[in-house]
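Asker: Would you mind keeping the following structure in view while I ask a few things?
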Amino acid sequence: MAEGSQSAPEAGNDMGNDDAIGGNVSKYIVLPTGYCGQPKKGHLIFDACFESGNLGRVDQVSEFEYDLFIRPDTCNPRFRVWFNFTVENVKESQVREIVDTFRVVLRVIFNIVNFSKTKSLYRDGMAPMVKSTSRPKWQRLPPKNVYYYRCPDHRKNYVMSFAFCFDREEDIYQFAYCYPYTYTRFQHYLDSLQKRNMDYFFREQLGQSVQQRKLDLLTITSPDNLREGAEQKVVFITGRVHPGETPSSFVCQGIPPGHWAALSSSFQNSPGIHWMSPGIIDFLVSQHPIACVLREYLVFKIAPMLNPDGVYLGNYRCSLMGFDLNRHWLDPSPWVHPTLHGVKQLIVQMYNDPKTSLEFYIDIHAHSTMMNGFMYGNIFEDEERFQRQAIFPKLLCQNAEDFSYSSTSFNRDAVKAGTGRRFLGGLLDHTSYCYTLEVSFYSYIISGTTAAVPYTEEAYMKLGRNVARTFLDYYRLNPVVEKVAIPMPRLRKEKSPPYKHPLLRGPASNYPNSKGDKKSSVNHKDPSTPF
Ligand SMILES: [Zn+2]
């Protein structure tokens, strides 16, 4: 979530009722009290011993109700939000609720009883994700089956209960807080990019985590910009410093791996790729005219997964050793925070290189209590610099229907001094802008409407593409693109406040108020069979 949640009053300070939780449940079979025989069908089996899995304990209330405990982040019991586990061994005779004359289904209640937060989008209609063996596409449960309330039975913790109908005996069902995105998936994705041998895409290992996982750094730019002595305008993007904030990876990346092979040929040959909703990386490596122009003009440095151990372990906010890495930018240790140390060293080195102009730093997060996409920026004494900083989010608001300028805020809270955005905002000079990009775990509301549209993987990716294309507007490169191709349709959502201060350098100072298409092409309907 937000940079600020560590200090927020809702952050839990006790361990809830889960003092005994040491690790994830491993093929844990729930047997009825007093039952001594061999497990039978219908004795539910819970498992979270897989990558990014998280479930610490299961207490049976009845055959049809279970209390579930999130495993706290490793070495930091304060954070208990992310969950990701499977349930199997469902039995037909557990069916008990008569839905209609001819059809009966099993309805089980799961209570997640030890959240460390009180404020939650569950109050606003968010629902857990589910998929199953026969329906492998993640879906959100119907909100009407989800309840979020303060429970006297669990130290007055907030409890999220959801009712679920197991409808296929042989299926393994998986439940998660949000769309999972693992370290292994990320590595496969980067491998697939490398195999394409693009002369404008470079992957290197900037360092490694405490558990020896890779800290990958991508460089996307025209080879001309990497010639000896070439001057570089750099956009630096990071993601997944908070491991449970999986939307960060969808914004950063793009097409799911399974779709890659089928789409890659047309993807490379067609300029009209916007319908595929690539995220930032997929868009920037594409042959879309905007991407080609951006590569000519800018050097993109992207470290998409700053906390690979936390991602692998199924933590919500911390690293293996229990540190919130986004509080340690001031003085990261090469031993305790090696990935952060590595990326900070590189940024400082680039800052000190006279040939390099580090123009943007954007750190991508997900937010557990707010809707939409929005940004945090810095406060500067210099009014003009402060105003200039507002340009990028205003332009992004023009391009992305899910991005809210009114939710964007600028602050210098002492508690956030150790965040990347705050630290680099203080380090870099007046020509650089540093932001945290937040995107809701749940949904967005389009201006002029009231309905919350739940984010899909594709919608997260689309926000990433819109971030990338906003650099075109910022640097006023639209005329360059128009020479080579028809630009993508523009979207307009919230009316962003007019920009008043003409700029002294580069960026768009007088971009036109777009009157482009209002309607989005986001597909709000999930085509797969509902649970
Ligand atoms: Zn975060």
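Asker: Each residue of the stretch 186-196 in turn: what ³J(HN,Hα) in whole Hz from Karplus with 6.51, -1.76, 1.60 and θ = phi - 60°, glycine and Pro shown as x?
Answerer: Running phi through 6.51 cos²θ - 1.76 cosθ + 1.60 with θ = phi - 60° gives 4, 5, 4, 4, 5, 4, 5, 5, 4, 5, 7 Hz.
Asker: Determine, from the Cβ-Cβ distance of residue 227 and residue 449 and an R0 of 56 Å, the FRET efficiency 1/(1 + (r/R0)^6), rounded to the nearest 0.05. Intermediate results must be reported in sequence, preceding the final value.
Answerer: Numbers: r = 49 Å, r/R0 = 0.88.
Efficiency for this residue pair is about 0.70.
Asker: Suppose each label sits 7 Å from its Cα in the direction of the beta carbon; what would the residue 382-residue 165 distance come out to in nanometres?
Answerer: 6.2
Asker: Next question. Extending each Cα 7 Å along its Cβ direction at residue 321 and residue 212, get the distance between those two points in nm, one decimal.
Answerer: A separation of 1.8 nm, rounded to one decimal place.
Asker: With the cut-off at 1.5 for a/c, could you classify the stretch 311-424 from its C-alpha gyration tensor as rounded, prolate or oblate?
Answerer: Values: a/c = 1.92, a/b = 1.24, b/c = 1.55.
In terms of gyration-tensor shape, oblate.
Asker: Give me the number: length gained by fully extending residue 352 to residue 155, i.e. 0.36 nm times residue separation minus the C-alpha to C-alpha distance, one decimal in nm.
Answerer: Working: separation 197, 0.36 × 197 = 70.92 nm, distance 5.25 nm.
Roughly 65.7 nm would be gained on extension.
Asker: Continuing with this model, one more query. Return the percentage of antiparallel bridges among DSSP beta bridges fully within the stretch 370-448, rounded to the nearest 5 %.
Answerer: On the way: 4 of 8 bridges.
In the stretch 370-448, DSSP labels about 50 percent of beta bridges as antiparallel.
Asker: Mind ordering 339-348, 424-433, 455-464 by average Cβ neighbours within 10 Å, highest first? Display every interim value, and only then the final one.
Answerer: Details: 339-348: 20.7, 424-433: 17.4, 455-464: 25.7.
Going from most to least packed, we get 455-464, 339-348, 424-433.
Asker: Can you give the direction-averaged projected area of the convex hull of the alpha-carbon atoms in the stretch 34-81, in nm²?
Answerer: Details: hull surface 19.3 nm².
Over all viewing directions, the stretch 34-81 projects a mean Cα-hull area of 4.8 nm².
Asker: A follow-up question, please. Going by accessible area, probe 1.4 Å, with all protein chains left in place, what is the ranking of 161, 62, largest first?
Answerer: Details: 161 5, 62 50 Å².
Of 161, 62, the descending order of accessible area is 62, 161.
Asker: Ordered by packing density, taken as the mean number of other Cβ atoms within 10 Å over each peptide's residues, highest first, how do 222-233, 357-368 rank? The partial results should precede the final answer.
Answerer: Numbers: 222-233: 12.5, 357-368: 24.5.
Descending mean neighbour count gives 357-368, 222-233.
Asker: How would 419, 133 line up by accessible area, probe 1.4 Å, largest first?
Answerer: Numbers: 419 0, 133 90 Å².
Largest accessible area first, the residues go 133, 419.
Asker: If you don't mind, another one. Kindly write out, for the stretch 434-446 in residue order, the coupling ³J(HN,Hα) from the Karplus curve 6.51 cos²θ - 1.76 cosθ + 1.60 (θ = phi - 60°), rounded to whole Hz, with x marking Gly and Pro.
Answerer: 3J(HN,Hα) across the stretch 434-446, in whole Hz: 10, 9, 9, 9, 10, 9, 5, 5, 10, 7, 9, 10, 7.
Asker: Pull up all non-local amide H partners of residue 65: gap of 5 or more, or a different chain, and H-to-H distance under 5 Å with H placed in the peptide plane.
Answerer: 109
Asker: Still on this structure: Going down the list 131/462; 27/119; 355/416; 137/214, which pairs span over 25 Å between their C-alpha atoms?
Answerer: Numbers: 131/462 23 Å; 27/119 31 Å; 355/416 30 Å; 137/214 28 Å.
Among 131/462; 27/119; 355/416; 137/214, the Cα-Cα distance tops 25 Å for 27/119; 355/416; 137/214.
Asker: Right, here's the next one. Which order do 156, 91 take by accessible area at a 1.4 Å probe, largest first? Before the final figure, lay out the partial values.
Answerer: On the way: 156 130, 91 70 Å².
Largest accessible area first, the residues go 156, 91.
Asker: Across the stretch 142-153, in residue order, what do the Karplus-derived ³J(HN,Hα) couplings come to in whole Hz, using 6.51 cos²θ - 1.76 cosθ + 1.60 with θ = phi - 60° and x for Gly and Pro?
Answerer: Karplus values, whole Hz, x for Gly and Pro: x, x, 5, 9, 10, 10, 10, 7, 8, 10, x, 6.
The values are calculated or read from the model by the stated rules, or taken from the named source; none is laboratory data. Keep in mind it's a predicted model, so treat the numbers as computed, not measured. All Cβ positions, even for glycine, are placed from backbone atoms using ideal geometry, and neighbour counts span all protein chains on display. We work out accessible area using only protein heavy atoms, side chains counted, and drop any ligands, DNA or RNA first. Shrake-Rupley method; radii C 1.70, N 1.55, O 1.52, S 1.80 Å.
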